[in-house]
Structures are given as structure tokens and as C-alpha cells.
Amino acid sequence: MSKVQTNKSSSFIGILSNLIKAAGPMGGRLRMSLILILLSSVFQGAAYTCFYPIFMNLSKGQTEQVWFYIWIALGFVVISAICRWVGQDYDYGGFSSKAQYELRKRQGEKLREMPLEFLSNKRSGKWSAVISNNVDEVISYTITVSSLMMYGIITPISVGLMTFFFDWKIAIVILILFPVIIPLYRWRKPAYDRGMYYLNEVHSELNAESIEFIQGLPVLKASNGIDRIVSRLNKSIDKVREVQIFGHGKGSTPNLIITSALEVGMIVSLGLGILFVLKADSNMMVMTALMIIVIRFSELISSFVPMTMIFSLMEAGYKQITAMLTAPVLEVKDQQAKPTTYGIEFKEVDFYYEDAKDKTLSNINLSIAPKSIVALVGPSGSGKTTLARMIMRYADCQQGSISIGGVDITSLTQNDLLSMISVVFQEVYLFDDTIGNNIRMAKPSATQEEIIDAAKRAQCHDFINQLPKGYDTPIGDMGNTLSGGERQRISIARALLKNAPIVILDEPTSSLDSLSELAVQQAIDELVKEKIVIIIAHRLSTVRGADKICVLEQGCIVEEGTHETLMHKQEKYCDLWEAEKQIETLF
Ligand SMILES: Nc1ncnc2c1ncn2[C@@H]1O[C@H](COP(=O)(O)OP(=O)(O)OP(=O)(O)O)[C@@H](O)[C@H]1O
């Protein structure tokens, strides 16, 4: 995730303008709602200000004037209420939900454009937190929080300013409060922002760890590896606790200081008011009105302080959303049409993962002829999977180029590029849908006959037919009753339906028993007919017949050729082959 500026704090107006930006196409409606709520708080202030003439005229016994100002006050209250109702229509009129919907759609599109490298396990937890939690924080509460803040600050300021019409000394007494609150608020805001930013970060991390933990639970239980992951999860939970304790410690004291300063300020206001009355500089009735107003303000202003922290939380969420929406995407440079031939060419390719210290692939030069089978072999971590992923533009290489049919893959749209490639992974992901729809995913327009044909060729038609609802059986209803081999054959049926000219096989049979392996191998044989095949293999015996075998070591291709030529050379490949034979004789 790109770095978020934690040191730069926005002003109140700056945050509002960011929230308006986050609302996207609903931003105009939000701006109007905020203006209406601002007007509502000003008219509320005007209604309070009417207390002065009401009380002044009451003391003079001028009943008509009293009624006149009561009606004016009522008028202001009604206007204030109308502005508030229309303003809050942003929430109850469904605009806020629409803004969330649009923002999440924008994020979904962004995810599609991001390099797959950005969607690795660790980050997917972060992105899921941004899409679910941050969008909710930033959009759902904008009106509620902004209203409380405006009524807490704009209403008292308006009363203070309007009081000048009646008694300038009392007006100054009211406005004295604000030079106290505003610097205190400005002093604390960067710390609140930082606290909320870190809270956001540790929540995202916790989200990522929880997802990984839940998804990996069956494997973890089986492999006795649960303690290690639980300790990672616990570490994330501890971090959240630490940040919360730190935040509460840092936040509570200044909050208490601000709230106490306000209370003292109000008592000072009243004291000064009484002093003016005693010195006969001010009217007793103006003083009575001031007391009512100040008591009412204490409620309004006290809600302002906690709201500032929620505002910081919203700002932190906004920064995460912005970081996501501005994350780098896979750009299509000099867009070109999809090629008609599919030979693959790596030219002097260097690649390193964002967080890696060394190159993962170094100076890769590789030609894969149309309709040929190329096997990638080598020790674990040598870069086989990374090399194969580069063909799908998992991420862009930092040096060199990769082309298909003479067209640089960076000149192809993602749809065009991915339409040419089928991948069969070791781990099969089946979506929470019916078996038929899981196969159809590869070609949404496919007819039922095409799906059945693909399933037959992938050796899975018979077991699907035996299920109570056949192809309409929901995957979710089956729990874990599908075997690894059956899941793998469904994924091969998907690839067969897609009928892409390039097939990448990422050790699809390595975790299967020999019976399943045989069925899956038959399905693979059907899939790879007349295709370019790139196969990542641990067991050399499975790729003996490949047209080209590339041996990788520390990100470099150190040998390439057929099985026979490499055996003849008696170097790296030959050593790996001999080692494999020795292991086989042990079992
Ligand atoms: N998403 C990633 N971010 C950072 N480093 C990664 C990532 N994926 C792989 N690596 C690192 O890149 C190197 C090559 O990994 P890769 O998976 O390509 O090797 P491999 O030969 O396919 O290994 P294996 O046979 O164990 O699957 C390893 O050091 C690995 O830790």
C-alpha cells in the first residue's frame, strides 16, 4: 500500500472538502447538505439571540414587542429545522448509500487494474478493510458528525456575533470562549490524526491476519502449524490494544483539558456578565438571556470535543481510500491489437518484488515457440512461479520486455492478455456458486452443452452427474466433500471451456494421490493439445517429454534444452535428475 502522509493535518474545511471528494458523484449533494446544516446552525443561533430583545422588552412590559420577537424566534427555529431536514436528506434520502455504492464500485474497478502483486494475501486483508470499514467510516457518518460539530461551534459563534446588536460587551464575553477552544483543538489535532492513522493501520493488519487465519484453518489444523499463526494473530490483537491504550492515554488528558477549559470559560463569561450588570454597564435582562444561552451552549460545545476525534478517524479512513485509489495500475502503453500467433519471448528481463532486497529474476532470455511445451524446474525459491506469473503481467518487470506473438504484453489490455492465458494452479479456488457456474465463469456465454462437453473432457462429468442436483449443485452445499482431484478437474474444465492458446500449469498434480493424479493427468493431456504450455514442475519425471526444459537457480536460467541434451551435458539438470532418482529408490 502506498505510504500515507501522517504528519499533514487538514483543517476542518480541508477535511470537509476531502469528504465531499470521497462522495464522488454525490459530492454536489453532500456539499449542499453541509451548507444547509451550516445555515441551520446559524438560524438556530439567530433564534437564541432573540432571547435578548424578548427579555429586554419583558422587563419594560412591552408585551407586543415580546410577542413580535417570539414569532421571529419561532420563524428562525422553523427555518433552522427545515434546513436541517433538507440537509439530512443526504442520509435518509439514500444519497449516502449511493455514495458508498459508487465509491466501492470505483474501488472494485481499481482492484481489477492493479497488478496482481498488490493483491497478495497480506495486502488483500488491507484492501478488504478499506472497502468495508473505511468507506463506511468516511461516508456513513459525514452528516451526523458534521452536524454535531457545526451546532457545537457555528451556533455559539453566530450568537456571539449577533449579540453585538444588543450589547457589545456581552458579545465579547461570549466570543472569548473561542480563542480558548480553537488553539487547544489545533494543538491536539495532529496527535489525534496520528493516533487514528495508526489505529487504522493496525486494524487493517488485524483484518489481514484474521482472513489468513480463517482461510488457512483447515490446513493449519492438519499440519500442526496453528500455534505459529495464532501467535501472529495474537501479535496483531496486542498491537491494536497497545495503540488503543496509547490513544486513550494521549487523547483523554487533552480532551479533559479542553472540556475543563470550556467549563471555566463559561463560568468566566457568566462572571464577567454579572460584573457588567453590577457596574450597571449591562442590562439585567440581557444577563438572564446570556445565562440561558451559555447553559445551552455547554451541551452543544461539549459534543464538539469527542466529535473532533471521530473527524480524525474519518480523515484517516479517507487517506487509506485515497492511497488505494491512487495506487499504481497496470498501464496499457501504445495499445495494440491482440496477436494472432502466440510465441512468447522474454528479453533481458529483470524483476524484483516491491519488498524484496534482491532481484527475483535476473537477465531472463527465453523463447517459447508456438504449440510447444516448456518446463520450468529448479530448487524451491529459484523463481519458477514468478517467471510464469510475469506472462500474465502479475507485475511489470523493471528491465527488459516480454512479448506474445511479437506484441509487448504492456501494449495489450488486461482483457486481451488474460483471454489468451489459462492457468491451472496447485490450489484450486471454487466460488460460492453452483458447479456449472464455476465452470461457466471461463466463458459466461457458454451453453449447457459446451459446459458438459468441457466437463466430459476434463473427466469430471461422471462425478458431477452423480450429485443430487448435478451441475446445479451449489459448491457451498457440498462442504469439503469434493476431493482435491475433483476440484482440480473442475478447474481444468474451466480452462478447457476458455480454450486459451497459452496454458500455464503450476504443479497441478503435486498434491494429489496417484489415482487422482492419473485422472487429472488425462484431463491435462486434453487441455494442452495444440497449445503453448508452460509447466512448473518439482518432479522432473513429469516433464521429461517437454520440448524445452529450463533450469532456474536464484532467478537465472542456468540451463535449457530437452531432457536428452541436458542429461548429455551432465550438469545441473543431470544432478537434479539423479537426486530425484535416488529419492524415489528410498520410498
Ligand atoms: N509476492 C511476493 N513478494 C515478495 N517476494 C516473493 C513473492 N512471491 C515470491 N517471492 C519470493 O521470490 C522468490 C522466488 O519465488 P517463486 O515462488 O517464484 O519461486 P519458485 O521457484 O516457484 O518456488 P517454489 O518451487 O517453492 O514454488 C522467493 O524467494 C520468494 O520468497
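The values are calculated or read from the model by the stated rules, or taken from the named source; none is laboratory data. All of these numbers come straight from a predicted model, not from anything done at the bench. Cβ atoms come from the backbone with ideal geometry, glycine included; neighbour counts cover every protein chain shown. The accessibility values were calculated without ligands, DNA or RNA, using every heavy atom of the protein model including side chains. Shrake-Rupley method; radii C 1.70, N 1.55, O 1.52, S 1.80 Å.
Report, by residue number, each residue of segment 529-548 that is assigned to a strand (DSSP E or B) and touching a Ser or Thr at 6+ places or on another chain (Cβ under 7 Å). Result: I532, I536, K548.
Given the residues L418, L430, which is the only one that is under 30 Å from G561 (Cα atoms) and under 28 Å from the mean Cα position of the chain (by Cα)?
When all the criteria are applied, what remains is L418.
Could you identify the single residue in T308, T288 that is open to solvent by 30 Å² or more (accessible area, probe 1.4 Å), away from the ligand (no atom under 16 Å from the Cβ) and out of contact with any strand residue (DSSP E or B) (no Cβ under 8 Å at 6 or more places or on another chain)? Among T308, T288, only T288 is open to solvent by 30 Å² or more (accessible area, probe 1.4 Å), away from the ligand (no atom under 16 Å from the Cβ) and out of contact with any strand residue (DSSP E or B) (no Cβ under 8 Å at 6 or more places or on another chain). Please find, within segment 404-425, the residue that is most open to solvent (accessible area, probe 1.4 Å) out of those that are closer than 19 Å to A455 by Cα and not aliphatic (A, V, I, L, M). Step by step, filter segment 404-425, then rank; the result is F425. Pairs linking a residue in segment 12-38 that is farther than 18 Å from L103 by Cβ to a residue that is among the aliphatic types (A, V, I, L, M) and in a helix (DSSP H, G or I), with Cβ atoms under 7 Å and 6 or more positions apart or on different chains, are L36/V86; I37/M150; L38/M150; L38/I154. Does segment 553-561 contain any residue that is surrounded by 14 or more Cβ atoms within 10 Å (Cβ to Cβ) and at pLDDT below 90? No, segment 553-561 contains no residue that is surrounded by 14 or more Cβ atoms within 10 Å (Cβ to Cβ) and at pLDDT below 90.
Yes or no, residue by residue, for (1) assigned by TED's automatic domain parsing to the domain that holds S17; (2) of a type outside the set (S, T, N, Q); (3) over 28 Å from L119 (Cβ atoms):
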{"position": "M266", "(1), (2), (3)": "yes, yes, yes"}
{"position": "I292", "(1), (2), (3)": "yes, yes, yes"}
{"position": "S302", "(1), (2), (3)": "yes, no, yes"}
{"position": "M309", "(1), (2), (3)": "yes, yes, yes"}
{"position": "S312", "(1), (2), (3)": "yes, no, yes"}
{"position": "K319", "(1), (2), (3)": "yes, yes, no"}
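Every listed requirement among (1) open to solvent by 60 Å² or more (accessible area, probe 1.4 Å); (2) within 16 Å of the ligand (Cβ to nearest atom); (3) modelled with pLDDT of 95 or more is met by E348 save one, (2).
Away from the ligand (no atom under 14 Å from the Cβ) and either assigned to a strand (DSSP E or B) or under 30 Å from A22 (Cα atoms) (or both): is that true of A395 in this structure? Before you say what the answer is, go through the steps one by one.
Numbers: away from the ligand (no atom under 14 Å from the Cβ): no; either assigned to a strand (DSSP E or B) or under 30 Å from A22 (Cα atoms) (or both): yes.
When the stated conditions are applied, A395 does not pass them.
Looking across segment 90-117, the residues that are out of contact with any Phe, Trp or Tyr (no Cβ under 7 Å at 6 or more places or on another chain), closer than 22 Å to L38 by Cβ and in a helix (DSSP H, G or I) come down to Y90, D91, Y92, F95, A99.
Sub-9 Å Cβ pairs linking a first residue in segment 86-105 that is without any contact (Cβ under 8 Å) to a residue 12 or more places away in the chain to a second residue that is open to solvent by less than 40 Å² (accessible area, probe 1.4 Å), at least 6 apart or interchain, are S97/I139; S97/S140, ordered by first then second residue. Among the residues making up segment 353-390, those that are small (G, A, S) and either part of a helix (DSSP H, G or I) or more than 10 Å from the ligand (Cβ to nearest atom) (or both) are S362, S367, A369, S372, A375, A388.
For (1) at pLDDT below 80; (2) among the β-branched types (V, I, T); (3) open to solvent by 30 Å² or more (accessible area, probe 1.4 Å), each residue gets a yes or a no:
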| site | (1), (2), (3) |
| --- | --- |
| Q459 | no, no, yes |
| D462 | no, no, yes |
| K469 | no, no, yes |
| A495 | no, no, no |
| T509 | yes, yes, no |
| S514 | yes, no, yes |
| E530 | no, no, yes |
| G545 | no, no, yes |
| I549 | no, yes, no |
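Scanning segment 132-144 for residues that are among the β-branched types (V, I, T), farther than 17 Å from C83 by Cβ and open to solvent by 10 Å² or more (accessible area, probe 1.4 Å) yields a total of 0. Residue-level check: of (1) free of Cβ contacts under 8 Å to residues at least 40 places away in the same chain; (2) farther than 19 Å from I557 by Cα; (3) within 16 Å of the ligand (Cβ to nearest atom), L417 misses just (3).
(1) closer than 25 Å to I421 by Cβ; (2) within 32 Å of the chain's Cα centre (by Cα): which one isn't true of G476, the others all being true? Evaluating G476 over (1) closer than 25 Å to I421 by Cβ; (2) within 32 Å of the chain's Cα centre (by Cα) leaves (1) as the failure. For E113, the conditions (1) within 16 Å of the ligand (Cβ to nearest atom); (2) in contact (Cβ under 8 Å) with a residue 40 or more places away in the chain; (3) surrounded by fewer than 17 Cβ atoms within 10 Å (Cβ to Cβ) all hold with the exception of (1).
Only one of the numbered conditions (1) touching a strand residue (DSSP E or B) at 6+ places or on another chain (Cβ under 8 Å); (2) modelled with pLDDT of 90 or more; (3) surrounded by fewer than 18 Cβ atoms within 10 Å (Cβ to Cβ) is not met by K572, and that is (2).
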